[in-house]
Structure formats: structure tokens, C-alpha cells
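Written out below as C-alpha cells is the structure these notes cover.
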Amino acid sequence: MTTFATVDDLTTLWRPMTAQEQTRAAALLEIVSASLCAEAYKVGKNLYQMVEEIPGLREVAKSVTVDVVA
């Protein structure tokens, strides 16, 4: 699964993490990204497609993902 943010994004946008926190964060990034896609699907949208087509939406998805995981 493609996530909207990476562990490196979390480190840059939030704070450095221990190895254990990085492992947990990686798992959470997948869950949060899947949750965002599921919510978009409920209203008939494909979020993966939208982030490719709408300027700036990829950064918004990254920001939301980091905020939820942090």
C-alpha cells in the first residue's frame, strides 16, 4: 500500500523518533492512509487518483496523515 506520508516525513515535520517509534509509526502510516482512502470511497472518491490530479492535495493528505499519527 502507498502511504501519504513516510517515517522521514514524520521526523521532518514532527520530531526525531527512536527505532521502536519508527516501527510503530510505519504501521500507523499505513492504517491512517487506508482510513483516509476508505472515507473518500464512502463518498464515491478515489483519493489516490485525486492526489495525482489535484494540485496541492498530495501535501494536504501528507499533512493530515502526519497530524493523525503524531
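If you go through region 6-53 and keep only what is among the hydrophobic types (A, V, I, L, M, F, W, C), surrounded by 12 or more Cβ atoms within 10 Å (Cβ to Cβ) and more than 18 Å from Ala70 (Cβ to Cβ), you end up with Cys37, Ala40, Leu47, Met50, Val51. Scanning region 17-46 for residues that are over 17 Å from Ser63 (Cα atoms) and not small (Gly, Ala, Ser) yields Met17, Thr18, Gln20, Glu21, Gln22, Thr23, Arg24, Tyr41, Lys42, Val43, Lys45, Asn46. Within region 54-70, the set of residues being part of a helix (DSSP H, G or I), of a type in the set (A, V, I, L, M, F, W, C) and loosely packed, with under 14 Cβ neighbours inside 10 Å comprises Val60 only. Could you list, in sequence order, all residues of region 2-49 that are in contact (Cβ under 8 Å) with a residue 60 or more places away in the chain and part of a helix (DSSP H, G or I)? The answer is Leu10, and nothing else.
Read-outs throughout are calculated quantities, based only on the coordinates presented, and are distinct from any laboratory measurement. Keep in mind that this is a model prediction, so the values were computed, not measured. Please note: Cβ atoms are built from the backbone with ideal geometry, for glycine as well, and neighbour counts cover all protein chains shown.
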